[in-house]
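Quick notes on the structure that follows.
The values are calculated or read from the model by the stated rules, or taken from the named source; none is laboratory data. In this text, all values refer to a predicted model and were calculated from it rather than measured experimentally. Neighbour counts are summed over all protein chains in view; Cβ atoms, including those assigned to glycine, are modelled from backbone coordinates with ideal geometry.
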Amino acid sequence: MLALFVGSVLATLSGCVVGQPPGNGRVLYQRESTTGAPYYLYLPQGYDAPTPNGQPRPKYPLVMTFHGLFPFDSSNAQIREWQQEADRYGYIVCAPSLNVSALFSPLPLSDPENAALKRDERCILAIMDELNKTTDVDPNHVLSTSWSYGGYVAHFMVNRHPERFSCIGVKQSNFNEDLLDESMVPRYTDRKVAIYYTENDFAICQRESSRAADWYAKRGFDVTFGIFESLGHERTPSVAAEFFARTCDRKPKTPPSELAGLRIKSKYHNGVRVDKNGNPKASRNVQEFISSRRRPQHASGPTEVATAISPYRSQVRRRGSQSPRRNGPAGVTNPVRIHATVTEGQSPLWVSFSVAMPKAMRDEADILWTQNGEPISNTANSQRVFSKPGDHTIQVLVTDKNHREFRATQIIRVREPSKP
């Protein structure tokens, strides 16, 4: 199997190219003082700026990113692909050089006592300890992320050391539950999980990513699961960066316009919503929502994307208030509202929006967002970059546990970009 995988990698080596532009911060190549383990570190733009009036320095969320098979990926490539996103959200990024992600390592990786994996585990923990002492990282906000083979390490590290990570968001990554300790699961089911891959990804990455989403969902995790159209085994740090921003409430300093090049594929693997015990909910799942609605025919502008659709359970946070409107079952006051950060502006226009509903509806509600009738997301909070001028109709459909449907609508008006 490894030979076939390597052959596939060689045949599609262009997908390993780092296409993301460099950032404006600092790149450091360092060795951890006790183990000698090498790693790259990126300090985002503005990190070294003095604080006004002697105020304490801010803490920066930390991205721990684990690379794929060397030489097709490396810690150096990981630090390069993450620089723009680090500047955008204010992240410190660390990319350790891994021993286990070597060309002829086992595939799939299934032995949790693998010598290279255990060495990487020790080195990663030592590096994180060093960063806590030498940089202004926030130990309460740490993302475990990966690309390709590095997924084995990303999942393993969170499972073995859940107290060191606040969430996990992997992309086009491998997964094997044999590496994970089931007894550790209750210690981190409150961590959010994001699993992304692409329509033309390697078969093993598609298969194992789908399996990862099932594994987490059946154990009660809040899982976001997205498949992106057309792309192959390519680098997509923007989706993991945006996911991390939602978990630690970071606002982008610049519009995440790279997300506009991605589009959610309206087909899901095992897209069944489950409760905390892994039992299927009676409410309809996202796949049923999408397949039961005919896709409207309208002129398509530049491709846009929202936060990846999650076929599993979603969390809702209350944000603000608004007078209720009737847009649901007859005789029932509609409790659902949309909150948008902005409703009008020049292209490209970045908008963050969320759905508000009573606390009693939150955990049992199904959510579906549409733009001009097209399904785009089913998370409670989402973001979009609007590049096509004109009016865009954003609607949220909420189905409660009694199968009652409530809708709310918001028009986003996008003006032509200003001429230089």
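Remarks
- Residue match in the range 77-86 (condition: of a type in the set (Lys, Arg) and touching a Lys or Arg at 6+ places or on another chain (Cβ under 8 Å)): no
- Taken over the range 332-348, the criterion of being in contact with a Pro (Cβ under 9 Å, 6 or more places away or on another chain), closer than 14 Å to Thr409 by Cα and not hydrophobic (A, V, I, L, M, F, W, C) is satisfied by Asn334, Pro335, Arg337.
- So Glu374, is it touching a strand residue (DSSP E or B) at 6+ places or on another chain (Cβ under 7 Å) and touching a residue at least 60 places away in the same chain (Cβ under 8 Å): no
- Test for Ser101: is it in the same structural domain as Gly36 (by TED's automatic domain parsing) and more than 19 Å from His233 (Cα to Cα): no
- In the range 15-22, the condition of being in the same structural domain as Cys94 (by TED's automatic domain parsing), modelled with pLDDT under 65 and on the phi < 0 side of the Ramachandran plot is met by at least one residue.
- Test: residue in the range 105-123 that is more than 21 Å from Asn176 (Cα to Cα) and either modelled with pLDDT under 95 or assigned to a helix (DSSP H, G or I) (or both): yes
- Positions within the range 190-212 being touching a residue at least 60 places away in the same chain (Cβ under 8 Å) and either part of a loop (DSSP other than H, G, I, E, B) or among the aromatic types (Phe, Trp, Tyr) (or both), in sequence order: Tyr196, Glu199, Phe202
- Test: residue in the range 44-65 that is modelled with pLDDT under 95, polar (S, T, N, Q), in a loop (DSSP other than H, G, I, E, B) and out of contact with any Lys or Arg (no Cβ under 7 Å at 6 or more places or on another chain): yes
- The residue of the range 178-236 that is surrounded by the fewest Cβ atoms within 10 Å (Cβ to Cβ), among those that are touching a strand residue (DSSP E or B) at 6+ places or on another chain (Cβ under 9 Å) and among the β-branched types (Val, Ile, Thr), is Thr189.
- Some residue of the range 81-88 being farther than 20 Å from Ser257 by Cα, at pLDDT 95 or above and either buried (at least 24 other Cβ atoms within 10 Å of the Cβ) or in the same structural domain as Tyr29 (by TED's automatic domain parsing) (or both): no
- Close pairs (6 angstrom Cβ cut-off, 6 or more residues apart or separate chains): touching a residue at least 60 places away in the same chain (Cβ under 8 Å) and over 20 Å from Tyr60 (Cα atoms) in the range 157-184, among the small types (Gly, Ala, Ser) and assigned to a loop (DSSP other than H, G, I, E, B) anywhere: Asn176/Ser110; Asp178/Ser110
- Qualifying residue in the range 148-156 (condition: more than 22 Å from Gly90 (Cα to Cα), surrounded by 21 or more Cβ atoms within 10 Å (Cβ to Cβ), more than 16 Å from the chain's Cα centre (by Cα) and of a type in the set (Val, Ile, Thr)): yes
- Screening Glu130 on (1) part of a helix (DSSP H, G or I); (2) touching a residue at least 40 places away in the same chain (Cβ under 8 Å); (3) buried (at least 21 other Cβ atoms within 10 Å of the Cβ) shows it passes everything except condition (3).
- A Cβ distance below 8 Å, combined with a sequence gap of six or more or placement on separate chains, defines the contacts here; from the range 401-420, residues that are closer than 17 Å to Leu349 by Cα reach residues that are surrounded by 12 or more Cβ atoms within 10 Å (Cβ to Cβ) and aromatic (Phe, Trp, Tyr) in the pairs Gln410/Phe353; Ile412/Phe386; Val414/Phe386.
- Hey, Arg119 basic (Lys, Arg) and touching a residue at least 24 places away in the same chain (Cβ under 8 Å) or not: no
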